[in-house]
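Everything below concerns the one structure shown next.
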Amino acid sequence: MGFVLPGGQFADTIMLPLTMSQIRVPTAGRPRMKPDRLLADKGYPSKANRAWLRARDIKTTIPERADQIAHRRKRRGRPIEFDADQYKRRNVVERCFNRLKQWRGIAVRSDKTARNYHAALCLAATLMWITAASQESAMLVNSEQARAIARWSSSLSARS
């Protein structure tokens, strides 16, 4: 996960290359710098972003804005490939943002410096990751316990 904090009122779309440069995709060995696919909302489909992603051979799932569709109809361009099933998976990212915003300091951005706000984002994301990992391991333990109880009860019923 990568965080970029620009100063002032910046459009998200111009921060895409900088944000993508911070992302590392975990592998068995050294982490990759390039993801297989980028899922983004209608704020990111600029020509510059699509060209930047195409140059790095990163597949995209970004819906077109209505003005871009209308422009393409006038000039008869090839429609941009869009996979609606892939796009449905973007809700994971949106839910992550919503969970981060449950932290009051992050939601209202009350820190005076970008460094402190970035540290709070990293702390909140780390705590979310640890909580999710511990809940997942607890579910695995519970499912293994349930299987052990089922084996034990089936062995008891086989004896009688």
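Listing for the model above:
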| read-out | value |
| --- | --- |
| Neighbourhood charge, 14 Å Cβ-Cβ cut-off, centred on T27 and excluding it, Lys, Arg +1 and Asp, Glu -1 | +3 |
| Proximal aspartates and glutamates relative to K101, as straight alpha-carbon distance under 17 Å, when same-chain residues fewer than 8 apart are discounted | D111 |
| Restraint check, K59/K88; K47/K112; K42/K112; K42/K74, Cα-Cα greater than 23 Å | K47/K112; K42/K112 |
| Accessible surface of region 1-120 [probe 1.4 Å, protein heavy atoms]: carbon and sulfur percent | 53 |
| ³J(HN,Hα) computed for each position of region 18-29 - Karplus, 6.51 cos²θ - 1.76 cosθ + 1.60, integer Hz, glycine/proline x | 5, 5, 5, 5, 8, 7, 10, 9, x, 9, 5, x |
| Size descriptor, Kirkwood hydrodynamic radius, that averages inverse alpha-carbon separations across region 24-128, Å | 16.6 |
| Hz values of 3J(HN,Hα) by residue in region 106-116 - Karplus curve (6.51, -1.76, 1.60), Gly and Pro given as x | 7, 5, 9, 6, 8, 5, 7, 10, 5, 4, 5 |
| Residue list for region 1-17, given a label point 7 angstrom along the Cα-to-Cβ vector of I80 and an amide N cut-off under 20 Å | 11-17 |
| FRET efficiency estimate (nearest 0.05) - Cβ-Cβ, L5 to S137, R0 35 angstrom | 0.60 |
| Label-zone membership for region 1-16, site A48, 7 angstrom Cα→C-beta point, backbone N under 18 Å | 4-16 |
| Theoretical gain in end-to-end length, Q102 to A55 [0.36 nm per residue, Cα-Cα removed] | 13.2 nm |
| Orientation-averaged projected area, Cα convex hull of region 1-72 (nm²) | 5.7 |
| Alpha-carbon centroids, region 81-141 and region 7-54: separation in whole Å | 17 |
| Accessible area (Å², per residue) of region 45-139, counting only protein heavy atoms and a probe of 1.4 Å | 78 |
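The values are calculated or read from the model by the stated rules, or taken from the named source; none is laboratory data. The model shown is predicted, which means the values in this text are computed figures rather than measured ones. Counting neighbours? That spans all protein chains shown, and the Cβs are built from the backbone with ideal geometry, glycine included. Please note that ligands, DNA and RNA were not included when accessible areas were found on the heavy atoms of the full protein model with its side chains. Shrake-Rupley method; radii C 1.70, N 1.55, O 1.52, S 1.80 Å.
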